Structure formats: structure tokens, C-alpha cells
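To start, the structure under review is shown below, and the notes come after it.
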Amino acid sequence: AGIEGEELAAVGIATQRETTLLWDAATGEPVDRAIVWQDRRTTDRIEALDDDERALIRERTGLAPDAYFSATKLEWLLDRDRRRERAAAGELRAGTVDAWLLARLTGAHVTDPTNASRTMLFDVEDCAWDDELLDLFSVPRACLPTVRPSSVATPYGHTDPDGAFGARVPVTGALGDQQAALFGQACFEAGEAKNTYGTGSFLLTNTGTEPARSEHGLLTTVAYQLADEAPRYALEGSIFVTGAALDWLAAVGVVESAAATAAPARAVDSP
């Protein structure tokens with residue numbers, strides 16, 4: 001933007017949601033590679049859940065049990081090298097990308113409800129970490145971030161004057177990327193919706209201050225929470241592979257590049 005750090009009133013971040021990291025509380029260094037939201041390595045763990053466990057997940061989180069969400073990713077990361085013991089002792093911290101960036105920017109270990117609601121460890125109605133789900137996936141509460149509203153009057157923390165911004169700037173906002181798109185499109189009233197086309201496709205509809213439950217495969221999620229206000233909820237339809245399919249077509253040689261799919265797509269008559 002061609003401005004100095006001192007000119008920034010505040011910083012807010014929008015990030016990938018379910019991507020999961022584990023890092024050393026003392027040094028801030030990651031102890032393993034992040035597991036990205038598309039990663040399917042924990043599918044067998046999800047398939048091993050019994051009916052009661054699946055029902056518990058749906059009831060508490062509003063999510064369909066899936067390797068897409070953070071819980072089994074974090075369980076996988078903690079299953080190695082005595083990490084679970086270290087996490088229980090407060091030596092390791094865990095979180096989604098927002099929590100990682102907030103820790104790097106401010107030193108605070110915090111997240112917001114939009115990201116927390118994508119972990120499969122969060123009670124979507126109480127807006128709190130759920131002890132039964134933490135037990136189910138063997139995640140120590142001590143390693144999880146504090147959940148604060150998506151936009152806050154008292155900052156999560158301040159950036160380091162010697163860091164990237166070159167100034168002490170308050171960090172006051174965090175949202176998962178799809179909820180940020182809903183908010184950015186000014187979908188503030190129940191019934192207003194947005195659709196995003198990217199690596200995947202995500203349709204979110206604001207449902208107001210009460211979480212709506214779907215009988216047709218949609219996810220119940222937190223849309224956003226402003227400071228000193230009740231959370232707003234959304235129903236979400238998620239398609240994990242959209243733009244990524246075009247990259248795959250290029251990788252296997254069906255088309256020269258993702259961009260090369262534009263011409264045949266435009267040639268199709270719209271219904």
C-alpha cells in the first residue's frame with residue numbers, strides 16, 4: 001500500500017481453516033510440518049468411529065465426521081515422539097493457521113470461533129472446547145488456544161516493532177477464509193449468502209444467532225462473532241475439489257494448463 005507501519009490502525013487476518021500446526025511454546029518453532037485441510041491421511045481414523053461417536057460429533061460440533069477437520073490431524077501430530085505428554089505439560093501449542101500467525105505476530109495463543117468451529121473439538125452452541133471430544137481424540141486442553149471473538153476491542157496483542165510491520169500495531173481481527181468472504185460480502189442478515197469458487201467451492205448462508213441444523217449434509221458453523229455480541233451462525237455447503245480438479249487435469253495431461261479449460265467451458269450452452 002506504500003504506507004509505513006505507524007500508519008496502520010490495526011491488523012486483521014483471514015486464513016485457511018482446518019490446516020493444523022503444532023509448535024514449541026518456548027521457541028515458537030514448529031515441531032512438524034503443517035497438515036493441510038485437504039490432507040486425507042486420517043481417513044481410516046474417521047472410518048473407525050462408531051455410531052455413538054459420530055452422533056456426538058454431529059450434535060456438539062455441527063460437522064459431519066471427516067478427515068477434513070482438524071481433530072484427527074492434531075491427534076496424528078500428537079501421536080509421535082512423546083508430543084502428547086509435552087502438550088499436556090504446556091510445552092507444545094496447537095492450532096489452526098490463524099492461531100499460528102497470531103502467535104508469531106503477538107506471542108498470544110488465541111483463536112476465534114470461526115476457526116475453532118472447524119476443528120471438530122468445539123461445541124458450536126456453547127462456543128467452547130468440548131471435554132468429551134478432547135478425550136475422544138486424546139487432545140490435551142493445555143495445548144489449545146483461548147477462543148476470543150473474531151473482532152475485538154481489546155487487541156489479541158501487538159506486533160513487534162522490530163518485526164514485519166516495523167511498528168507496534170494492534171491485532172484485532174481473525175476469521176476463517178470462507179467466513180471472511182461471507183462478512184466481506186456484507187451478509188449480515190439471516191438468509192444472506194455468498195458462494196466462493198477456488199481450490200474448492202463453499203456456499204455459506206447466514207442463519208442468525210441460532211445454529212441451524214441440516215438434514216441434507218450441510219455443515220453448521222460459526223459465521224463470525226463481534227466484540228461483546230452473540231455469535232452469528234451459518235450453514236455451509238462444502239465442495240473440497242473445484243479448481244484443484246483443473247490442476248489435476250493439467251497434471252495428467254488432459255489439458256495443457258488450468259487456464260486452457262476456459263474456452264471449452266465458455267462453449268457450453270448455459271441451461
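Taking each DSSP H run with n ≥ 4 as -39500 (n - 2.57) and averaging over every residue of the chain yields -7000 deg cm²/dmol at 222 nm. Per-residue extension of 0.36 nm, minus the Cα-Cα distance of E192 and E256, leaves a gain of 19.2 nm for this segment.
Accessible area per residue for the chain, computed on protein heavy atoms with a 1.4 Å probe, is 49 Å². In the context of the full protein assembly, E192 retains an accessible surface of approximately 70 Å², using a probe radius of 1.4 Å and ignoring ligands and nucleic acids. The modelled label-to-label distance for the pair R33/E210, using points 7 Å beyond Cα in the direction of Cβ, is 4.6 nm.
Shape summary of the stretch 154-195, radius of gyration then Dmax from alpha carbon positions: 14.9, 45 Å. Of the residues Q38, A14, A258, the one whose Cα sits farthest toward the positive end of the charge dipole of the chain, with +1 on the Cβ of Lys and Arg and -1 on the Cβ of Asp and Glu, is A258. Take every Cα pair under 8 Å whose residues are at least 6 apart in sequence, average their separation, divide by the length of the chain, and the relative contact order is 18 percent. The spread of Cα positions in the stretch 1-155, taken along each principal axis and listed from longest to shortest, comes to 54, 34, 26 Å.
In the stretch 18-125, Cα pairs under 8 Å separated by at least six residues give a relative contact order of 35 percent. Translational diffusion coefficient, Stokes-Einstein: compute it for the stretch 206-245 using the Kirkwood radius over C-alpha pairs as Rh, at 4 °C and 1.567 mPa s, and state it as an integer in µm² s⁻¹. Result for D is 114 µm²/s.
R0 = 30 Å: FRET efficiency of E47 with A25, Cβ-based, nearest 0.05? About 0.35, to the nearest 0.05.
Give me the dipole magnitude in Debye, nearest 20, for the stretch 79-122 about the Cα centre, with unit charges on the beta carbon: positive for Lys and Arg, negative for Asp and Glu.
The dipole magnitude comes to about 140 debye.
Please label the shape of the stretch 181-271 as rounded, prolate or oblate, based on the square roots a ≥ b ≥ c of the eigenvalues of the alpha-carbon gyration tensor (a/c under 1.5 means rounded; beyond that, a/b larger than b/c means prolate, else oblate). Prolate shape, in that a/c is at least 1.5 and a/b is the bigger ratio. Charge dipole (Cα centre; +1 on Lys/Arg Cβ, -1 on Asp/Glu Cβ; no other charges) of the stretch 141-255 amounts to roughly 160 debye. According to the calculation over all Cα-Cα pairs in the chain, the P(r) per 5 Å bin from zero is 1, 6, 12, 15, 17, 16, 13, 10, 6, 3, 1, 0, 0 %. Rounded to the nearest 20 debye, the dipole size of the chain about its Cα centre is 480 debye, using +1 on the Cβ of Lys and Arg and -1 on the Cβ of Asp and Glu.
Among 225-237, 86-98, sorting by the average number of other beta carbon atoms lying within 10 angstrom of each residue, highest first, gives 86-98, 225-237.
The values are calculated or read from the model by the stated rules, or taken from the named source; none is laboratory data. Since we're looking at a predicted model, the values are computed, not measured. Reconstructed Cβ throughout: ideal geometry from the backbone, glycine too, with neighbour counts over all protein chains shown. Note: accessible area is taken over every heavy atom of the protein model, side chains too, but ligands, DNA and RNA are not part of it. Shrake-Rupley method; radii C 1.70, N 1.55, O 1.52, S 1.80 Å.
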